[in-house]
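Heads up: the structure comes next, in structure tokens.
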Amino acid sequence: MKLLLYKWNSNLEDAMKRTLEQAGHEIFVVEAPCNNYIKDMELAWQMIQVIQRYKVEGIISINYFPVISSVSEIVGIPYYAWVYDCPHYTLFAHQAKLEYNRLFIFDKELTERLWKYGVNNAVYLPLAVDSDFYQEILSSGDKVKHQKYKCDVSFVGSMYTGNRNYYDNPELQSQLSREEKAIAEQFIQSASFAYDEAYLGLYRNLLKRKPFIKALSEKSGLALGKDFYTDASEVVMGSILEKKVTVEERAKLMTALTKCGVDFRLYTNSQMEELPPEIRKVNFGVVDYQTELPFVYANSKININHTLKSIHSGVPQRVFDIMACGGFVLSNDQPELHELFEVGKEVVTYTSLADCLSKVRYYLENEDERKAIAEAGKKRVLKDYRYDSAVSRILAGV
């Protein structure tokens, strides 16, 4: 099959390209920024030229771009989009309902929300991993990197500080009334380290407060407008309030890990000025996804997965990557972890800050049990969550 792969600088694009080529597909790449998700006519024209010149039969991308839906509708070929972000507000654009879309969503709760809005071409599909690539990297004999990244506990990810923390933006804070701040702060405090239905109940109750959500939407500049089939409720919740809950949770968790007497390392490119000194001291900076990250996961005794709060049920890419590298995963409790893995035997979950710290101590002291769980997790992703199997399902439309 002749496929056009749109590359916008996602970490997963190289794995997608390798997998497609290994499966015998002919790949044509368009690599360019998308300057307007809805109406980037320059990108659209570039794609149409490639499609017509090479008789391309389908378009594929990591995450969803409405302008590509318009292209696929014009030329009459399917558009396959595999979404790994949540919130992903482009899914609320009118183009999401177009005929030629094949939208694959990693979060079951989000998939069901889209169905309620009439996005009938949304399909639930868990994420996967290019396990062969990781095995090749880790078996390369680079003893220096293996030694460099050895530690007790690590976390790789954003702290959502600076301009990624929309709630604490001074301009927004200056516009919120005292009552609006009180509503927001109550949610942020109540939602911190709350999981499953307990959290979703808080989420749904706040969505019902339409005047508050509308005010927050307008004052933050996140009103979606006529290009979208719904209002900004989910975007406001995910981008502002749920992200702020994540900011608070991660800061508390990382601070606690620095104080519990273990070799804890944070790998992030987030701005450090807003974080406590304890966290700044353990930040080892950003690591390259292809060449360094596998060594972090393989050589950390415990790898923390703390999921962005707006991912209501799904399992993020981090979990699959850690397991593929043979790492032990200690994750916040997440509904789909219980569906995709055997919790306690392939992955371990925590349900509170205290529970996380207790399990860190336990699994550092019980090496054989920890290694057995890591090995079982690795076997599971190598068997059931391989990139080639997932991509085959995408192209088959199931």
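FYI, it's all coordinate maths here, none of it is from the lab. Because the structure is predicted, anything quoted here is derived from the model rather than measured. Neighbour counts run over all protein chains shown; Cβ positions are idealised from the backbone, glycine included.
Odds and ends about this structure:
- Label-point separation, GLN271 to ALA354 (7 Å along Cα→Cβ), nm: 3.5 nm
- Evaluated at q = 0.27 Å⁻¹, the base-10 log of the normalised Debye intensity for region 1-41, with identical point scatterers placed on the Cα atoms, takes the values -0.93.
- Quick note on region 1-159: its Rg to Rh ratio, both from C-alpha atoms and Rh being the Kirkwood radius, is 1.03.
- About its Cα centre, the chain has a charge dipole of approximately 220 debye under the convention of +1 per Lys or Arg Cβ and -1 per Asp or Glu Cβ, with nothing else charged.
- Dividing the mean sequence gap of close Cα pairs (under 8 Å, 6+ apart) by how many residues region 163-268 holds gives a relative contact order of 33 percent.
- When you work out D = kT/(6 pi eta Rh) for region 1-78 at 20 °C and 1.002 mPa s, using the Kirkwood radius from C-alpha pairs as Rh and the Stokes-Einstein form, the result is 171 µm²/s.
- Nearby aspartates and glutamates by direct alpha-carbon distance to LYS39 (threshold 16 angstrom, same-chain neighbours under 8 apart not counted): GLU73, ASP227
- Computed from the C-beta positions of TYR229 and HIS146, the FRET efficiency with R₀ = 41 Å rounds to 0.25.
- Derived value for the chain: Kirkwood hydrodynamic radius 22.2 Å. Basis is the mean of 1/r over every pair of different alpha-carbon atoms.
- Calculated P(r) tail over 19 Å for region 85-161, as whole % of Cα pairs: 59 percent
- Euclidean distance between Cα centres, region 52-111 to region 278-301, Å: 33 Å
- Extreme residue, positive dipole direction of region 130-215, given options VAL153, LEU207, TYR134 (C-beta unit charges): LEU207
- Solvent-free Debye scattering, log10 I(q)/I(0), computed from the Cα coordinates of region 183-317 at q = 0.10, 0.20 Å⁻¹: -0.43, -1.21
- By the helix-only formula, in which each DSSP H run with n ≥ 4 contributes -39500 (n - 2.57) and the sum is divided by residues, the chain has a 222 nm mean residue ellipticity of -13500 deg cm²/dmol.
- Scaled to the globular estimate 2.2 N^0.38 Å, the Cα spread of region 318-398, given as radius of gyration, is 1.20.
- Label sites at GLN52 and GLU375, each approximated as a point 7 angstrom past Cα along Cα to Cβ, lie 5.9 nm apart.
- Applying a threshold of 26 Å to the alpha-carbon distances of LYS7/LYS145; LYS345/LYS383; LYS145/LYS243 flags LYS7/LYS145; LYS145/LYS243 as lying beyond it.
- In terms of its Cα atoms, region 100-230 spans 59, 40, 30 Å along the principal axes, sorted from long to short.
- Looking at the chain alone, DSSP beta bridges between its own residues are antiparallel in about 5 percent of cases.
- Distance from the Cα centroid of region 122-142 to that of region 163-219 is 37 Å (rounded to whole angstrom).
- For region 2-125, the relative contact order is 21 percent, taking Cα pairs closer than 8 Å that sit 6 or more residues apart in sequence and dividing their mean separation by the residue count.
- Contact order relative to length of region 2-61, as percent, for alpha carbon pairs under 8 angstrom and 6 or more apart: 52 percent
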